[in-house]
Amino acid sequence: MILLERLIEALGSDAVKAAPEDLAAYAFDAYTDGGTPSAIVLPGSTRDVSATVKIARDCGEPIVARGAGTGLCGGAVPTVGGVVLSFARMNRILEFDERNRRARVQPGVINLDLSRHAAASGLFYAPDPSSQQVSTLGGNIATNAGGPHCLSYGTTVNHVLGLEVVDAGGEVFSTSVEDAGYDLTAALVGSEGTLGIVTSAWLRLSELPESVRVSLAAFDDIDSASEAVSAVIAAGILPTALEMMDAVIVRAVEAAFHAGYPTEAAAVLLVENAGLREDVAAAQDAIESIVLQHAARSWRSAESRTERDALWAGRKGAAGATGRIAPNYYTQDVCVPRSKLPQALRAVEAAARANGITVGNVFHAGDGNLHPLLMYDRRDRRQVGAVVETGNEILQCAIELGGTISGEHGIGWEKREAMTRVYSTADLAAMARVRDVFDPAGALNPEKIFPRGARCPEVVPP
Amino acid sequence: MRTARQRVAPESTQALSQMLARCDRNGEKVRIAGGETLAGMGLPPERADVTLLTTGLSGVIANERADLVVAARAGTPVRDVSILLASQGQFVPFDAPRPLDATVGGTLAAGWAGPRRHCYGRARDYVLGSTIVLADGTIARAGGMVVKNVAGYDMSRLYVGSFGTLGVLARANFKTIPLPPKARLFLAPLPERTRERACTQLSTLAIRPSAAFWIDGFHQAIDGDEGPEGRILALLEGSDALLERATLALRSALGRAGVPQTRVIDAGAREAFERVVDAYVACLGERSVTYRLYPLVPDSQRTVIAVEALARRFELRNETILDVMNGDVVARVSDFDSQAFGAKIEAFDDALHESEPRALVVASKHPHRARLRVWGAPPAAIERMRELKARFDPNRTLNPGCFVGGI
Ligand SMILES: Cc1cc2nc3c(=O)[nH]c(=O)nc-3n(C[C@H](O)[C@H](O)[C@H](O)COP(=O)(O)OP(=O)(O)OC[C@H]3O[C@@H](n4cnc5c(N)ncnc54)[C@H](O)[C@@H]3O)c2cc1C
């Protein structure tokens, strides 16, 4: 096959994989359905990426970029085949500029590794998706990933200073937020690999705060917890993080991690405040009194670093812990105005109940960003159908509450048809104009983001 | 350049759409004007048949106070939004010069980067959604009213900083943050030779000031009278506890830098800060040009010295605002004699761009501004930018020739 020969010739056999087991390994990301790639390329440099894109173009093969494959919307799935570019080997921190609090990284660097590296200089990388132990910065940039601390620090786009990108023709270009001209950096962040392949990025680092406090509030009903969240925000208090977990999740987490969560609670809030000692104490007090007014049954603050880390480990491992409840789970991701949180959670509950599905909620409450985990068994067709229906009803409810169809996981393959539910043809056409500039042939990650028929050419498998 | 014969101020997005569609069809070029506070940025349009005033599209449309979200029409004065937000203990760090006149849309379109961005981020980082009218009249929405949204491309951020050349912003939605309860300003005269030491001390404080400047000149704009030549101005914002701790640290840092005495202003601290931001665009009639340069913090001293030397070489008067926290430098060069200025400034502009290719002009009423490299050297991705322009505004109807690379 000419594609493989040319790739091997350009990159060496070590960087190209096409054995059936390799193709199978890159067929899926963390979404339920997969596709079959034509080849896997593991580039070691920008030049490799550029060469791969050119060869793929010549052979009429689309390109699907891939980080760690933790994406939840099928964004890294080669739905129409093509070459999967996996960044596992481009995982170096290229420059660390402590004085200017920034770092230049390759896309395959694991999110947490950057913060670990920066800690010695009193710095960290603020966007912290719960998948941060495995997900890559390239994937985070491509999805504009969020995380618990984005409540106070903002999402990935606020922390990207500039990019090096390989375009659909294999040419390299660079962007910087300080440059005069259009903010191409912002257009590329969150574009899910459809506008260009990120080969390196300058990222902003933040200073580690002098003081951090983490507390846990427990509630007897989920309504009170969500009302407390709305009340904290309405009071003009923005904690560093404000996360919610319901009883289903708390029990699963406790069983898995023994993090010290109250298993008899109907819902818990994990509250973090960071900054100046005095300010942190004041914010903790203010939030404590609001949650107690909202019928919290308890409010407990971590007394040590170990206790604090345990509480966070429970939160970040929550999704994984649900394996004890059902063999599979599907994560929905919607965002609603923060004052609508109680209504949204009631709607989630109602949708799950109506469809006979167990739901666990673990999410970025302070942002109004819900993640209902719908538990099911993939082998049971009825359950699969019920999960799809529940997910759909939750999506509709978020739209009706003035929210959006994805807060942080992205549109990918999964939600492309839902785009028409929040955007008009004209809205989508404006996005398509951008796509047409960067990737007129639709060779970069086809079948993603845009609903069928929203733009003209899309590469069709040969 | 032909001046626009016609001035229109549509009062609805629909009316704006109809007006643009008509101009686009008829080949009429449209100059877009908000509060005209940043009229000194960019190039004059190569042709303008119609001036579009966005000020007809004014007012806060949605004030979702409990959600910390606000939406305003593009022609709303920045000050109106800020006053409303402050009354409910919130703010968005627009940091726009002359906020009474500056519009929300103009501030965004110009990609204005304020001095508090090192701690709060830019206005861009607060934009949640937008409505834009494209040259052909298409009304397109992007984003929404929620604080996290990754449904499709971040079109709003692409429009921010596009200088009206991709479309006309009609509305923008913002997230807000709690307004720091207290503000305090420090003002100290600064002898020339202590500048570097003082700036280093300020930029490395553990509790960072939300803004800090070293200023030379700009008396009329900032102090309203003659004062010391060089001075330091630092703004602290936060709780009482923060102010108390930061005050001690700041005083001793300035002491170490050899600054003799410091004045502390509590009442009117933010207003004094705003006067500095106003000065970024203050012109001395037609005989001044203000540049903005973006070195990294460690290099900004060198940049100040280089600009000073150049101004001396061309016998121009030079005034400087050094944004200590972000590192960028505002330099206003002028001459008392406007005739002499015209001849000197072009030579200065050439020489400046040789050493500082990214220097931008941010303020000038100079009649021959078009001869200066007002956007600095073209950015690396200029060809892609041209293609974007061609897709969004193929007839070059909107602000033609005003932007980077003649876009
Ligand atoms: C348990 C769990 C928890 C999670 N928690 C969060 C959370 O808190 N917040 C959140 O936002 N997400 C979360 N996610 C989703 C996921 O981790 C994020 O979307 C993450 O950013 C994906 O990174 P990745 O490296 O796995 O990318 P992948 O899944 O491999 O790819 C994601 C997308 O990015 C594109 N891409 C990857 N690399 C590049 C590149 N170099 N250039 C261009 N495009 C590229 C791909 O084509 C694809 O469209 C979670 C997922 C799991 C499984």
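The values are calculated or read from the model by the stated rules, or taken from the named source; none is laboratory data. Computed from a prediction, not measured in an experiment: that's the story for all the values here. Here Cβ is always computed from backbone atoms with ideal geometry, including for glycine, and neighbour counts include all displayed protein chains. Keep in mind that these areas ignore ligands, DNA and RNA; they rest on the heavy atoms of the full protein, side chains included. Shrake-Rupley method; radii C 1.70, N 1.55, O 1.52, S 1.80 Å.
Pairing the Cα long axis of helix B:240-256 with the longest principal axis of chain B, what angle in degrees results, from 0 to 90 and rounded to the nearest 10?
With both axes taken from Cα atoms, the answer is about 60 degrees.
Give the A-B buried accessible area in Å², both sides summed, 1.4 Å probe, nearest 100.
Buried area (both sides, nearest 100 Å²): 5800 Å².
Rg to Rh ratio, the range A:300-378, alpha-carbon atoms and Kirkwood radius?
1.03
For the charge dipole of the range A:2-86, defined by +1 on Lys and Arg C-beta atoms and -1 on Asp and Glu C-beta atoms about the Cα centroid, which residue among A:Thr79, A:Ala18, A:Cys59 has the Cα displaced farthest towards the positive pole?
Of the options given, the answer is A:Cys59.
Could you work out the relative contact order of the range A:326-437? I mean the mean sequence separation of Cα pairs under 8 Å and 6+ apart, divided by the number of residues, in percent.
32
Quick check for you: with a 1.4 Å probe and neighbouring chains kept, what is the accessible area per residue of the range B:58-178, in Å²?
With all protein chains present, the range B:58-178 gives 24 Å² per residue.
Are there residues in the range B:59-78 whose accessible area shrinks by at least 10 Å² when all protein chains are included rather than the chain by itself, and which are they (probe 1.4 Å, ligands and nucleic acids not counted)?
Those residues are B:Ala66, B:Asp67, B:Leu68.
Considering amide H positions built from the backbone, and no H for Pro or chain starts, which residues 5 or more places from A:Val160, or on another chain, come under 5 Å of its amide H?
For A:Val160, whose amide H was placed from the backbone, the distant partners under 5 Å are A:Arg204.
Which percent of the accessible heavy-atom area of the range B:288-371 goes to carbon and sulfur, probe 1.4 angstrom?
On the range B:288-371, the fraction of accessible area on carbon and sulfur atoms equals 50 percent.
Quick check on the protein assembly as shown: helices-only [θ] at 222 nm, where DSSP H runs of length 4 and up contribute -39,500 (n - 2.57) each and the sum goes over total residues. Nearest 500, please.
That calculation yields -9500 deg cm²/dmol at 222 nm.
Between the chain alone and the structure with every protein chain in place, find the residues of the range A:341-368 that drop at least 30 Å² of accessible area; heavy atoms, 1.4 Å probe.
So the qualifying set is A:Asp367.
So which trypsin sites (Lys or Arg not before Pro) in the range A:342-410 are both in a DSSP loop and have at most 15 other Cβ atoms within 10 Å of their Cβ?
A:Arg378, A:Arg379
If you count only protein heavy atoms with a 1.4 Å probe, what accessible area per residue comes out for the range A:232-280, rounded to a whole Å²?
So the range A:232-280 comes to 29 Å² accessible per residue, rounded to a whole number.
Over chain A, what relative contact order in percent results from Cα pairs under 8 Å that are six or more residues apart?
Computed over chain A, the figure is 15 percent.
Which aspartates and glutamates, if any, have their Cα less than 18 Å from the Cα of A:Lys17, not counting same-chain residues under 8 positions apart?
A:Glu5, A:Glu9, A:Asp29, A:Asp48, A:Glu61
Could you tell me how many degrees, from 0 to 90 and to the nearest 10, lie between the Cα long axis of helix A:381-400 and the main elongation axis, the longest principal axis, of the Cα atoms of chain A?
Helix A:381-400 and the main axis of chain A meet at about 80 degrees.
For the range A:2-86, give the percent of accessible area contributed by carbon and sulfur heavy atoms, probe 1.4 Å, rounded to a whole number.
Looking at the range A:2-86 in its full context, I get 50 percent from C and S.
What does the accessible area per residue of the range A:8-73 come to in Å², with a 1.4 Å probe and no ligands, DNA or RNA counted?
41
Using the Kirkwood radius over C-alpha pairs as Rh, can you work out the diffusion coefficient of the protein assembly as shown via Stokes-Einstein at 20 °C, viscosity 1.002 mPa s, in µm² per second?
76
Tell me the carbon and sulfur percent of the accessible area for the range A:209-321, rounded to whole percent, probe radius 1.4 Å.
Of the solvent-accessible surface of the range A:209-321, carbon and sulfur hold 51 percent.
Build a GNM of chain B with springs between Cα atoms under 10 Å: which of B:Leu169, B:Leu243, B:Leu185 gets the top mean-square fluctuation?
B:Leu243
I'd like the Karplus ³J(HN,Hα) series for the range A:118-131: coefficients 6.51, -1.76, 1.60, θ = phi - 60°, whole numbers in Hz, and an x wherever there's a Gly or Pro.
So the J values, rounded to whole Hz, are 6, 4, 4, 9, x, 10, 8, 9, 5, x, 10, x, 4, 8.
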